[in-house]
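Report on one structure; see the data block that follows.
The values are calculated or read from the model by the stated rules, or taken from the named source; none is laboratory data. Treat the numbers as computed from the prediction; the structure is a model and nothing was measured. Here the Cβ positions follow ideal geometry from the backbone for every residue, glycine too, while neighbour counts run over all protein chains shown. Just so you know, the surface numbers come from the protein's heavy atoms only, side chains and all, with ligands and any DNA or RNA stripped out. Shrake-Rupley method; radii C 1.70, N 1.55, O 1.52, S 1.80 Å.
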Amino acid sequence: MNKERKLIIAGNWKMNRTVAEALDLVQSLKRELNGVKEVDIVICPPFTALHAVASEVLESNIRLGAQNMSENNVGAYTGEIAAVMLKEFSVRYVVLGHSERRQYQQESDALIARKAAAAHAGSIKPIVCVGELLADRESDRTEQVIGSQIRGSLAGLTKEQMIETIVAYEPVWAIGTGKTATSQQAQDVHAFIRTTLRSMFDDNVARKVRIQYGGSVKPNNARELMSQPDVDGALVGGASLEVRSFSDIIKNSI
Ligand code: 13P
C-alpha cells in the first residue's frame, strides 16, 4: 500500500500475558514478522513482561512500548514507573491517556500532556489516545470532544516533539465491542485531528504526524481502514494477543 506516512501498527496487550506467555507470543511474532520492513511494528506488554520481552526483540524489527508512564522522573510516587526506568528495557514508545485510564484512573488531558512532555524528555515517543463515547457521537459532539482532547493532551509540546508523537484515535464505543468505526467514520475524525494539529502547530507538523485508528481492528477490516488517506496505522487490543491475528493485520495492511 502506498502511503504518505509509514504505517505504525502497535499491539496493546493491556493486562494480559504472564512472562512465560509473553515470551511465547513474542517468539512466534518474531518468526511470523521477520523481514517485514514496510510497517513500524510495536508491542506493548504489561510492565512485568518488559524485561523478558526486551531481550527477545533486541535484534528484530519489533519495537517495544509501555502502556503508561509517570509524569515524574524520580521520587516518592508509590507504584509509578519513570521514563528512565522504561529506557533500561529499550522501550521506544509509551501509550498515554488510553480511554481505560481516562475512565478508571480519571486521567485528565492536562495530566496526559505532562506525561507526554516527560516521555519526550526521556526520549520515548508517546502514543497519545483520544476518543469519544457513544453518547458523544449520538449527540453530534464527536468533533467537540476530540478537538478538546487533542488541544488538552498535546498542549505545550514543541513542533519537533509533536512530529515524534503518535496520535491514536480510539472511539470508546468501538473498543473491545467488535463494533469497528466504518473506514469513512475513521477517516473523517482522522482528517479533523490533522486539521486541529495544523491550527495548533503548522502544516508541516500536521502532514508528518502519524494517526493510528484503534477499536476492534481485525485481519478482515485492517486493509480497508489502513487504505484511508489519514489513517497511518492501528492500535490493536484483543487481536494483538494472538500471533495469527496480529501478524495478519500487519500483512493485510502492507
Ligand atoms: P480492541 O482492539 O480489543 O478493540 O482494543 C482497542 C484498544 O483499546 C487498543 O488500545
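The set of residues in region 221-254 being outside any helix (DSSP H, G or I), surrounded by fewer than 24 Cβ atoms within 10 Å (Cβ to Cβ) and among the small types (Gly, Ala, Ser) consists of SER227, GLY237.
Residues in region 150-169 that are within 16 Å of the ligand (Cβ to nearest atom) and open to solvent by 10 Å² or more (accessible area, probe 1.4 Å): none. Would region 190-197 turn up any residue that is without any contact (Cβ under 8 Å) to a residue 12 or more places away in the chain and over 18 Å from ARG114 (Cα atoms)? There is at least one residue in region 190-197 that is without any contact (Cβ under 8 Å) to a residue 12 or more places away in the chain and over 18 Å from ARG114 (Cα atoms). In this structure, VAL172 does not qualify as more than 19 Å from TYR104 (Cα to Cα), in contact (Cβ under 8 Å) with a residue 12 or more places away in the chain and within 15 Å of the ligand (Cβ to nearest atom).
Pick from region 1-53 the residues that are of a type in the set (S, T, N, Q) and out of contact with any Gly (no Cβ under 8 Å at 6 or more places or on another chain): which of them is farthest from the ligand (Cβ to nearest atom)? For region 1-53, the residue satisfying everything is ASN2.
Having 1 or more residues that are of a type in the set (Phe, Trp, Tyr) is the bar; report the strands (runs of 3 or more DSSP E) wholly within region 1-117 that clear it.
Here the list reads 91-96.
Considering the conditions (1) among the polar types (S, T, N, Q); (2) open to solvent by 10 Å² or more (accessible area, probe 1.4 Å); (3) within 16 Å of the ligand (Cβ to nearest atom), THR195 is excluded by exactly one of them, (3). Right, TYR77: within 16 Å of the ligand (Cβ to nearest atom), modelled with pLDDT of 95 or more and at negative phi or not? So TYR77 does not fit the description; no. Is it the case that region 19-33 has a residue that's open to solvent by 70 Å² or more (accessible area, probe 1.4 Å) and either among the aromatic types (Phe, Trp, Tyr) or closer than 26 Å to ARG102 by Cβ (or both)? No - not one qualifying residue is present in region 19-33. Just one of (1) modelled with pLDDT under 95; (2) closer than 18 Å to ILE112 by Cα fails for LYS179. It is (2). Among the residues of region 180-192, at least one is among the aromatic types (Phe, Trp, Tyr), open to solvent by 10 Å² or more (accessible area, probe 1.4 Å) and away from the ligand (no atom under 16 Å from the Cβ). Take the residues in region 202-244 that are near the ligand (Cβ under 10 Å from one of its atoms) and polar (S, T, N, Q), then tell me which one is nearest to ASN12 (Cα to Cα). Here the answer is SER240.
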